[in-house]
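Here the structure comes first, spelled out in structure tokens, and everything after it is commentary.
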Amino acid sequence: MSAIEIPTAPRRPGDGVRLFAFTVGHVHMPVSYFIDGEEGEIRAPVTAFLIDHPKGAVLFDTGLGQRFVRPRGTARESFIDLEAGETIDEKLRAIGVEPAEIRWIIVSHFHTDHAGGNAYFPNATIVTQEAEYDYAFNNAGEDPIYEIAEYDLGQPFLKVRGEHDLFGDGTIIIFPTLGHTPGHQSAKIRTDGGDVVLTGDCCSLQRSLDEFKLPASCHDADQFLASLKHLASLRDRGAKVLPSHDPVFWADMPLSVPLS
Ligand SMILES: [Zn+2]
């Protein structure tokens, strides 16, 4: 294993871990889906991340998958909106990364807008909390946000319990952020520009974290609040905490280039 070559962003001598963000379609949802008690609708981006580590290429979430793709230039037909060319495999190819180069996928959880693109990566090992794996495989039939065909693909799973240092070097620390789902997890990435926390659906909007706002429904509200407080403590210690679905935040953030 070695760092991948990214033609649009070649590594420079001394580069360590680099992080790239992508939007992979959008979901049109009531705001209360993210923040309880709020009125109105929101067009929320779906995000996924490439972690370019010297030991290999890692994704954090894979966004929406192929079953939602509509032809380019056609109208949106559903609350889920994914145009051809927006899937994570295409976003990676656009910067010169072949999906076969991806060795690891850290899934925050197995909801369809976070694990939907797993099928594009035949050589990846899926890193999940054991509790999330158990829920996703045992309850998929009853819980429609879990689409088992999108993640029961024969790829190997690395099931972890609690905190896990992916490469043993402190650069990619996976840790549980329970509440949204039974085995939800986040990851703290040590980039050259500082620590960045990828949050999945533990922190969907900036206000979720700033005001400790929970969604209208979740697996466990007490766990969710504790997870948000943990993210806030990481932010207090200097980490940049990225809200996964925030349209304002992502409108201003560079995409497909290394985040500093
Ligand atoms: Zn979710």
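The values are calculated or read from the model by the stated rules, or taken from the named source; none is laboratory data. Remember, it's a predicted structure, so these values are computed and weren't measured experimentally. Note that each Cβ is placed from the backbone with ideal geometry, even for glycine, and that neighbours are counted across all protein chains shown. Note: accessible area is taken over every heavy atom of the protein model, side chains too, but ligands, DNA and RNA are not part of it. Shrake-Rupley method; radii C 1.70, N 1.55, O 1.52, S 1.80 Å.
Consider all pairwise Cα distances in the chain and report the whole-number % of them above 25 Å. Spell out each step's value before the answer.
Values: 12969 of 33670 pairs.
Value for the chain (Cα pairs over 25 Å): 39 percent.
Before I look further, what does segment 18-249 give for accessible area per residue, probe 1.4 Å, in whole square angstrom?
Working: 9060 Å² over 232 residues.
Heavy-atom SASA per residue in segment 18-249 reads 39 Å².
When the accessible area of the chain is computed with all protein chains present and a 1.4 Å probe, what percentage of it is carbon and sulfur? Please list the in-between numbers first.
Values: 5420 of 10870 Å².
C and S atoms contribute 50 percent here.
Mind listing the long-range amide H neighbours of LEU178? Cut-off is under 5 Å, sequence gap 5 or more, other chains count too, H placed in the peptide plane at 1.01 Å from N.
Here the answer is none, since no amide H 5 or more places off falls under 5 Å of that of LEU178.
Could you list which residues have their amide H under 5 Å from that of LEU259, counting only those 5 or more apart in sequence or on another chain, with H placed in the peptide plane?
HN-HN under 5 Å from LEU259: LEU19, PHE20, ALA21.
Within the chain, what's the longest stretch lacking trypsin sites (Lys or Arg not before Pro) that sit in DSSP loops with no more than 15 other Cβ atoms inside 10 Å?
77-160
Could you run the Karplus curve 6.51 cos²θ - 1.76 cosθ + 1.60 with θ = phi - 60° over segment 205-214 and give me ³J(HN,Hα) per residue in whole Hz, x for Gly and Pro?
With the stated coefficients, segment 205-214 comes to 10, 4, 5, 3, 7, 4, 10, 6, 9, 9 Hz.
So which of LYS213/LYS240; LYS159/LYS213; LYS55/LYS240 end up more than 21 Å apart by C-alpha?
Values: LYS213/LYS240 19 Å; LYS159/LYS213 29 Å; LYS55/LYS240 23 Å.
Checking Cα-Cα distances, LYS159/LYS213; LYS55/LYS240 exceed 21 Å.
What residue among PHE224, HIS53, GLY117 has its Cα farthest toward the positive end of the dipole of the chain, where the charges are +1 on Lys, Arg and -1 on Asp, Glu, each on the Cβ?
Result: HIS53.
Assuming 0.36 nm per residue, please report the length gained on full extension of the stretch GLU163 to ARG67 beyond their Cα-Cα distance. Display every interim value, and only then the final one.
Details: separation 96, 0.36 × 96 = 34.56 nm, distance 3.26 nm.
Stretched fully, the GLU163-ARG67 segment lengthens by 31.3 nm.
About the Cα centre, and with charges only on the beta carbon of Lys, Arg (+1) and Asp, Glu (-1), how big is the dipole of the chain? Nearest 20 debye, please.
On the way: 22 positive and 38 negative charges, 163 e Å.
Dipole magnitude for the chain comes out near 780 debye.
Roughly what would the spin-label model give for ALA3 and ASP134, points 7 Å off Cα along C-beta, in nm?
It is 4.0 nm.
How large is the charge dipole for segment 20-175, taken about the Cα centre, if only the Cβ atoms of Lys, Arg (+1) and Asp, Glu (-1) carry charge, to the nearest 20 debye?
520 debye
May I ask you to compute the full-extension gain from ARG11 to PHE212, defined as 0.36 nm times their residue separation minus their alpha-carbon distance, rounded to one decimal in nm?
Values: separation 201, 0.36 × 201 = 72.36 nm, distance 3.79 nm.
Result: 68.6 nm gained on full extension.
Quick query: amide H of VAL160 versus all other amide H atoms, modeled in the peptide plane; which residues come in under 5 Å with a sequence gap of 5 or more or a different chain?
So VAL160 has HN proximity to THR128, GLN129, GLU130.
So what is the 222 nm mean residue ellipticity for the chain from helices alone, if each DSSP H run of at least 4 adds -39500 (n - 2.57) and you divide by all residues, rounding to the nearest 500 deg cm²/dmol? Numbers along the way, then the final one.
Values: 6 runs with 46 residues, N = 260.
One gets -4500 deg cm²/dmol as the mean residue ellipticity at 222 nm.
Using label points projected 7 Å from each Cα along Cα→Cβ, tell me how many nm separate ALA75 and HIS28, to one decimal.
Distance between the two pseudo-spin positions: 1.0 nm.
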